[in-house]
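Asks: Attaching a single structure in structure tokens format; questions to follow.
The values are calculated or read from the model by the stated rules, or taken from the named source; none is laboratory data. On a predicted model such as this, the values are computed, not experimentally measured, just so you know. FYI the Cβ positions are ideal-geometry reconstructions off the backbone, even for glycines, and counts take in every protein chain you see. To get the accessible areas, we keep the full protein, side chains included, count just its heavy atoms, and leave off ligands, DNA and RNA. Shrake-Rupley method; radii C 1.70, N 1.55, O 1.52, S 1.80 Å.
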Amino acid sequence: RQLAMLRVMTLNAHAGVNARGAYDLDRLAQAIASANPDIVGLQEMTRNHNVYQCQDQPRVLAARLQAITSRPWTSVYVNEWVTKHTQCVDSGRGDGVETEGLAFLAPEPIQSVDHVKLWNGRIGLSARLGSVPDLTFVVTHLAANTAGQADRTRQIAGLLPWVEARRGATILLGDFNTGPDAPELQPVLAAFHDAWADASARGAASGSGETHKRWRIDYVFDTPGRG
């Protein structure tokens, strides 16, 4: 498959909570299905969380996407945060302690899964698809808020060498919790193409250009010339 034909999606799922504050994985699955991605990287997914029906959210989403699209969706998940809360397993509705982390979902088998621990609890999660075996996908979720700038700087400093060590081209995506002009993001922009900026230059991007330039925190970066 040509890389230009790939449809890649990043989404901070907010644990499946919608804009009205209601837990609604069905709506999330419908949103993903409507975008029709070849792969989606998700942040703030949970497992064994009492507030969210003790569900294994990535697996539930994969099952619902399969029902919607009639395609065999698969998921992988690695936790970032691990708590001591055991309400789900104690009540027979879960299989372990409450966790939150990152996930990939795709309508085909996901391969070569790996992850790296970053500063202050964050991680990078990588995977490949059999249909594009020389392309690595990496999803991450960096520290939030202005006060997190020093954390993001350290997280990016740990993430980039690990990403650069991947064989072949890479697509790096996720919630970076900072705008494109932020100093901590410049090493990423030096190493990768910003897919939205490239699309905007071609007249193929939607949304307000000024808003996206100033307030974007979610990104898809690519290295189409590597490998």
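Asks: Helix 149-164: angle to the longest alpha-carbon principal axis of the chain, degrees 0 to 90, nearest 10?
Replies: 80
Asks: Separate question: Kindly state, to the nearest 0.05, the FRET efficiency for Asp90 paired with Ser34, given R0 = 35 Å and r defined as their beta-carbon distance.
Replies: Numbers: r = 37 Å, r/R0 = 1.07.
Taking R0 as 35 Å, the efficiency between Asp90 and Ser34 is 0.40.
Asks: Now, a different point. Given a Förster distance of 35 angstrom, what is the FRET efficiency for Asp26 paired with Gln149, based on the Cβ-Cβ distance and rounded to 0.05?
Replies: On the way: r = 37 Å, r/R0 = 1.05.
Once rounded, the FRET efficiency stands at 0.45.
Asks: Once every DSSP H run of n ≥ 4 in the chain is given -39500 (n - 2.57) and the sum is divided by its residues, what mean residue ellipticity at 222 nm do you get, rounded to the nearest 500 deg cm²/dmol?
Replies: -8000 deg cm²/dmol
Asks: Then there's this: Grab the beta carbon distance between Ala190 and Ser131, set R0 = 22 Å, and tell me the FRET efficiency rounded to 0.05.
Replies: Once the sixth-power term is evaluated, E becomes 0.15.
Asks: Give the separation of the Cα centroids, region 121-156 to region 40-74, in Å.
Replies: 20
Asks: Whole number in Å², please: accessible area per residue of region 1-152, 1.4 Å probe, ligands, DNA and RNA not counted.
Replies: Each residue of region 1-152 exposes 47 Å² on average to a 1.4 Å probe.
Asks: In nm, what is the difference between 0.36 nm times the number of residues separating Ala199 and Arg71 and their Cα-Cα distance?
Replies: Here the segment from Ala199 to Arg71 would lengthen by 43.3 nm.
Asks: Heavy atoms only, probe 1.4 Å: what % of the accessible area of the chain goes to carbon and sulfur, would you let me know?
Replies: It is 50 percent, rounded to a whole number.
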